[in-house]
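Accompanying notes for the structure given below.
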Amino acid sequence: MAKTIIEKIWDEHIVYEEEGKPDLLYIDLHLIHEVTSPQAFEGLRLNNRKVRRPDLCYATMDHNVPTRNREQIKDVIARKQISTLQQNCEEFGVPLANMDHPDQGIVHIIGPELGLTQPGKTIVCGDSHTSTHGAFGAIAFGIGTSEVEHVLSTQTLWQAKPKTMQIKVKGELGYGVAAKDIILAIISKFGIDMGTGYIVEYTGEAIRKLSMEERMTICNMSIEAGARAGLISPDATTVEFLRGREHVPSGEAFEKEAARWLALATDEGALYDKTVEISTDEIEPFVTWGTNPSMGSGVSQSVPFTYDFAETSDKQAHEKALAYMGLEQGMPLEDIAISNVFIGSCTNARLSDLRTAATVIAGRKVHPNVTAIVVPGSQTVKKQAEQEGIDKVFLEAGFEWRESGCSMCLAMNDDIVPAGEHCASTSNRNFEGRQGAGSRTHLMSPAMAAAAAIEGHIVDIRKFGLVNA
Amino acid sequence: MEPINEINSVITPLNQKNVDTDQIISKEFLKRIERTGFGKYLFYHWRFDANDEPIKDFVLNDERYKDSTILVAHDNFGCGSSREHAPWSILDYGFRVVIAPSFADIFYSNCMKNGILPIKLSVDEVESLLSKDVYDVAVNLEAQTVTGVDGVVYSFDIDPYQKNMLLNGWDEISLTFQYEDKIKAYEDKVAQA
Ligand code: SF4
């Protein structure tokens, strides 16, 4: 029978199944970071348990780390959390890319970089953006700390089989439209809970043509549509990305693996529990104006009116969001003034994102009202960008060039958007206070954020000129 | 974790949809390495203003709900970040039950692991609960009912496996260790492939 990739991977990983129970699923890769793991390791210690398969774990520190002056973390509790991860990894034998390690970076950026992320794997991490790894054709999802402890001690999880959903993106992407715009358009069209209870597979011509970096941007934000996992069937693009990476086999063994990966792709005629479609005609460069990722519109539009919404609860949410954001109904999105720009996060801080942003700002200057920072997704991205001279382009334009980490995506470290200020951000969440208490986030693509840094307000990248976003 | 079956309390009506875990527990409070002590930070930026003074019209600051152990909210409660600090703060604050028309997947499962009962009722039923000022209910997990002080009974569905875990307060990891041989067999099979 024709199967989706989701069913193929799931069925292969069932350790035990019984009527009336969730399936006991084997986990191939467990990524770990400093914020959601300390209580899990503590649980192991209290119960005298070991990590079952340290060889299937990989840890790094990203959420809390400073992006400058790494040597001295002022925040005592943050420092404690970082040293706790270090001690835990030593005690339990878990491989760790420490803060001064050349492989350090945001956990969802380094997994693919190192070739740990591979098609057909089940991948978990105590972080909701684990969905990123689905870009490779893996079932990858975020878990809570109790589940982190469960995986550490048993290398398995009890999981009810999720429903499957296909999101088909039809047509070819227009000029200036980026992967970020596709996913923001999907979430805005279908809502932030459309994916609850599902694993999503993205299909269609527009998806097939995307690079691996762009596919990661899309899968990354599956969780913003409520889907715990989102994936894309592997193809030649996937295989070529992985060739030669540290943790994949080489030579003949690689070819054998590659053949196995390609066979995982969803079979012709396989059925999904649900299919939705979006056409590229509906997708222009997108920005958010509200306080969740579905509150966004094409950049040529205006902030919606409350009367545009039918349900009372939506009207209330809209009013509350605009009050928080300090925006007027009906104002053109391009009129929103920006004073902070953040190019970073696991959504858009890979080398290709930095290259795109650099093209936009090359030879231009950051607007005098704007503070702009670039936080590369990993130390590897940072090094490569520096080899290409991209850091110079940013610095000459007036951006700050930082060390890698989550940074202003969630503002757990010192990188904070001041209360009341508007930030053009390439990250994935615009919740109240996400980038600092009172901060006002506008999500957009790297090219759009770069253009906003130059102009000091939101701009339509298609008018700004010369981009191959 | 603490077993849960019968809970009697006034409900705390939080009339909002898409309440995300960043609101439930803000990132500045995630640096602790313990599971406890998060209650005082629950909904911090909705409860307190910039000077740490209580914001009067926020429902958790309403004296009438001071001892409530049941939180009621609108659709898609707990969306966003996977942080288990969200249910930890809810539990530590004193809630044992959360009622909503729908929950985000990770949050829902995180509740289950901590002895918090997440109850899904229909939109109409939740709206009727949210419209009441002060309303006492009796939750019974065994019977899968929420009974109002006025005698109105709301029934809810829950996965039998999850129900059993909550009723008994079982530790899932110990249970999984009973399948050790199956896990070993799976690993051997993979190693040979
Ligand atoms: S960059 Fe942001 S979304 Fe990604 S893992 Fe870090 S905090 Fe989470």
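Report the Rg/Rh value for the stretch A:138-220, based on alpha-carbon coordinates and the Kirkwood definition of Rh. Provide the component values of the computation, followed by the final result.
On the way: Rg = 15.6 Å, Rh = 14.8 Å.
When Rh is taken as the Kirkwood radius, the ratio is 1.05.
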Mean per-residue count of partner chain Cβ within 10 Å for B:167-179 equals 4
By accessible area of protein heavy atoms, probe 1.4 Å, what ranking do A:GLU147, A:GLU113, A:GLU12 get, highest first? A:GLU12, A:GLU113, A:GLU147
Please report the accessible area of A:HIS247 (heavy atoms, 1.4 Å probe, ligands and nucleic acids excluded) in Å², nearest 10. 80
B:TYR44 neighbourhood, Cβ < 15 Å, K/R = +1, D/E = -1, net charge -1
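Using only the Cα atoms of the stretch A:33-151, build the gyration tensor, take square roots of its eigenvalues as a ≥ b ≥ c, and label the shape rounded, prolate or oblate: rounded if a/c is under 1.5, else prolate if a/b is larger than b/c, else oblate.
Details: a/c = 1.80, a/b = 1.16, b/c = 1.55.
Oblate.
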Using each residue's phi in the stretch A:196-202, evaluate 6.51 cos²θ - 1.76 cosθ + 1.60 at θ = phi - 60° and report the 3J(HN,Hα) Karplus result to the nearest Hz, with x for Gly and Pro. 4, x, 10, 9, 9, 10, 8
Order A:297-303, A:347-353 from most to least packed using the mean count of other Cβ atoms within 10 Å. A:347-353, A:297-303
Given H placed on each backbone N at 1.01 Å, which residues far from B:ILE25 in sequence or on other chains put an amide H within less than 5 Å of it? B:PHE43
Tell me which GluC sites (Glu not before Pro) from the stretch B:1-74 have a DSSP coil assignment and no more than 16 other beta carbons within 10 Å of their own. B:GLU34
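Just order A:326-334, A:99-107, A:394-402 by mean Cβ neighbour count inside 10 Å, highest at the front, would you? Walk me through the intermediate numbers first.
Numbers: A:326-334: 14.8, A:99-107: 20.8, A:394-402: 18.3.
In descending order of packing, they fall as A:99-107, A:394-402, A:326-334.
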Heavy-atom accessible area ranking, 1.4 Å probe, most first, across A:PHE92, A:PHE431: A:PHE92, A:PHE431
On average, how many beta carbons from a partner chain sit within 10 Å of the beta carbon of a residue in B:38-47? 1
Quick one: dipole size for chain B, taken about the Cα centre, charges +1 on Lys/Arg Cβ and -1 on Asp/Glu Cβ, in debye to the nearest 20. 380
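Averaged across the residues of A:141-154, what count of C-beta atoms belonging to other chains lies within 10 Å of each residue's C-beta? Could the numbers behind the result be given before it?
Details: counts 3, 5, 6, 15, 10, 13, 7, 2, 4, 6, 1, 1, 4, 8.
That average works out to 6.
Given only helices, namely DSSP H runs of n ≥ 4 each adding -39500 (n - 2.57), what is the per-residue ellipticity at 222 nm of the protein assembly as shown, to the nearest 500 deg cm²/dmol? Please report the intermediate quantities before stating the final value.
Numbers: 24 runs with 214 residues, N = 662.
Theoretical 222 nm ellipticity from helices: -9000 deg cm²/dmol.
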The distance between the Cα centres of the stretch A:186-260 and the stretch B:91-148, in whole Å, is 35
Shape call for the stretch A:163-204 from the C-alpha gyration tensor, a ≥ b ≥ c root eigenvalues: rounded (a/c under 1.5), prolate (a/b greater than b/c) or oblate? oblate
Note down the nm distance, to one decimal, between modelled labels 7 Å out along Cα→Cβ at B:SER174 and at A:LYS256. 4.4
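Give a quick list of GluC sites (Glu not before Pro) in the stretch B:138-193 that DSSP marks as loop, anything other than H, G, I, E or B, with at most 14 other Cβ atoms within 10 Å. Intermediate results must be reported in sequence, preceding the final value.
Numbers: sites: B:GLU142, B:GLU172, B:GLU180, B:GLU187; in loops: B:GLU142.
Qualifying residues, ordered by number: B:GLU142.
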Among A:ILE278, A:ASN348, A:LEU44, the residue whose Cα sits farthest towards the positive end of the charge dipole of the protein assembly as shown (+1 at Cβ of Lys and Arg, -1 at Cβ of Asp and Glu, taken about the Cα centre) is A:ASN348
Considering only protein heavy atoms, with the full assembly of protein chains and a 1.4 angstrom probe, order B:SER155, B:SER109 by accessible area, largest first. B:SER155, B:SER109
Taking B:LYS120 as the anchor, which lysines have their alpha carbon closer than 17 Å to its alpha carbon, excluding any fewer than eight residues away along the same chain? B:LYS17, B:LYS163
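Report the local net charge at A:ALA206: Lys and Arg +1, Asp and Glu -1, summed over other residues whose C-beta lies under 12 Å from its C-beta.
Working: positive: A:LYS168, A:LYS170, A:ARG208, A:LYS209, A:ARG215; negative: A:GLU172, A:ASP181, A:GLU205, A:GLU214, A:GLU277, A:ASP281, A:GLU282.
Counting the neighbours of A:ALA206, the net charge comes to -2.
Please report, in whole Å³, the volume per residue of the convex hull around the C-alpha atoms of the stretch B:42-193.
Numbers: hull volume 23.2 nm³, N = 152.
In the stretch B:42-193, the Cα hull volume divided by residue count equals 153 Å³.
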State whether the protein assembly as shown is rounded, prolate or oblate according to the following rule on the C-alpha gyration tensor (a ≥ b ≥ c being the square roots of its eigenvalues): a/c under 1.5 gives rounded; otherwise a/b larger than b/c gives prolate, and the remaining case gives oblate. rounded
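The values are calculated or read from the model by the stated rules, or taken from the named source; none is laboratory data. Keep in mind it's a predicted model, so treat the numbers as computed, not measured. Cβ sites come from the backbone with ideal geometry, for glycine too, and all protein chains shown count toward neighbours. With ligands, DNA and RNA removed, areas are computed over all heavy atoms of the protein, side chains included. Shrake-Rupley method; radii C 1.70, N 1.55, O 1.52, S 1.80 Å.
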